[in-house]
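Down below is the structure, laid out as structure tokens.
The values are calculated or read from the model by the stated rules, or taken from the named source; none is laboratory data. Remember, it's a predicted structure, so these values are computed and weren't measured experimentally. Positions of Cβ are backbone-derived with ideal geometry, glycine not excepted, and every protein chain shown enters the neighbour counts.
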Amino acid sequence: MKDLKVIFMGTPDFSVPVLEYLIENTNVVLAVTQADKQTGRDKKMMFSPVKEVALKNNIDVFQPIKIRNEYEIISELNPDLIVTCAYGQIIPKEMLEIPKLGCINIHASLLPKYRGASPIQTALLNGDEKTGVTIMYMDENMDTGDIISFEECAILPEDNVGTLHDKLSKLGVELLDQTLPLIYQGTNERIKQNNEEATYTKIIKREDEHLLFNDKGANIINKIRAFNPWPGVYFNLKNGAIKVIKASFIADKNAEINKIRYLKKQMQIGCLDGWINLEIVKPEGKKQMDIISYLNGSKKDDEYVN
């Protein structure tokens, strides 16, 4: 398929294995990614992971602020296929009509479930036992196009957003390896999505990182899994914020919401139906540590602050 002229569109780490696969197996003529961003106190400009890989492989990079207004270069290159994976912008109809083999997207859920920006986090938040990857044709709306192929992936109890992200990124490449030859040969399937079964995700915001304990223990543990290792969840004590990296749940109908109790080498916080047993934490301004190390250097009379 080295004669297949491809434009790739993606931005984060999740997209990188797909781009690397396409570079090895097709003719990638352009990588489209989000604009560079300033980061850190020194406001250093950072390239997206996709841009880093593209430049390393001598592939031209295009970074439009709004792709719907700046896609002339796409038309000029006249690609056979456009492949997107976590790009971050809606593609305009006029651009979707350019490649003769269409535009396909690699999405980290089993569509039509979890359309939108945060399918991996949402699967964990909801306590799902499985998720997967779907490759679909793109249309004018968000994740609504015809399905070409999909593959399921089990969600294990020990999975968090980091481990599940890596599994699905790898699975996306494996599914693309099976699917791309069919698209190239014109023998792939095309299955309409059932919009009545569709569910949607939301963009994760800063306020979502605040961990509250007026909820069931299973939901709290799921949130810790869904937000670790990034962006993380935290709660506030009188002496500062505490990020929770890992915790477990102990059922107890007599637990008191927001109450902190200190047992031998344990720190637990009451929730709606039991205790959240903290295992790994990161106190404000300090390094990540296990709960025993934290307790050795903290005051046991610290107060919970909502």
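Considering the conditions (1) under 30 Å from Ser149 (Cβ atoms); (2) in a strand (DSSP E or B), Asn222 is excluded by exactly one of them, (2). Filtering the stretch 207-236 to residues that are among the acidic types (Asp, Glu) and touching a residue at least 24 places away in the same chain (Cβ under 8 Å) leaves Glu209, Asp215.
Selection within the stretch 270-306: residues that are among the aliphatic types (A, V, I, L, M) and within 14 Å of Ala241 (Cβ to Cβ). The member of this set that is nearest to the chain's Cα centre (by Cα) is Val281. Taking strands (runs of 3 or more DSSP E) as the structural unit, those lying wholly within the stretch 1-84 and holding at least 3 residues that are surrounded by 13 or more Cβ atoms within 10 Å (Cβ to Cβ) correspond to 5-10, 27-32. Might you let me know whether the stretch 228-251 holds any residue that is outside any helix (DSSP H, G or I), out of contact with any strand residue (DSSP E or B) (no Cβ under 9 Å at 6 or more places or on another chain), among the β-branched types (Val, Ile, Thr) and closer than 30 Å to Gln89 by Cβ? Checked the stretch 228-251: no residue is outside any helix (DSSP H, G or I), out of contact with any strand residue (DSSP E or B) (no Cβ under 9 Å at 6 or more places or on another chain), among the β-branched types (Val, Ile, Thr) and closer than 30 Å to Gln89 by Cβ. Just one of the numbered conditions (1) within 21 Å of Gly127 (Cβ to Cβ); (2) modelled with pLDDT of 95 or more is not true of Trp230: (2). The listed residues are Lys43, Lys66, Lys56, and the only one of them that is of a type in the set (D, E, K, R) and on the phi > 0 side of the Ramachandran plot turns out to be Lys43.
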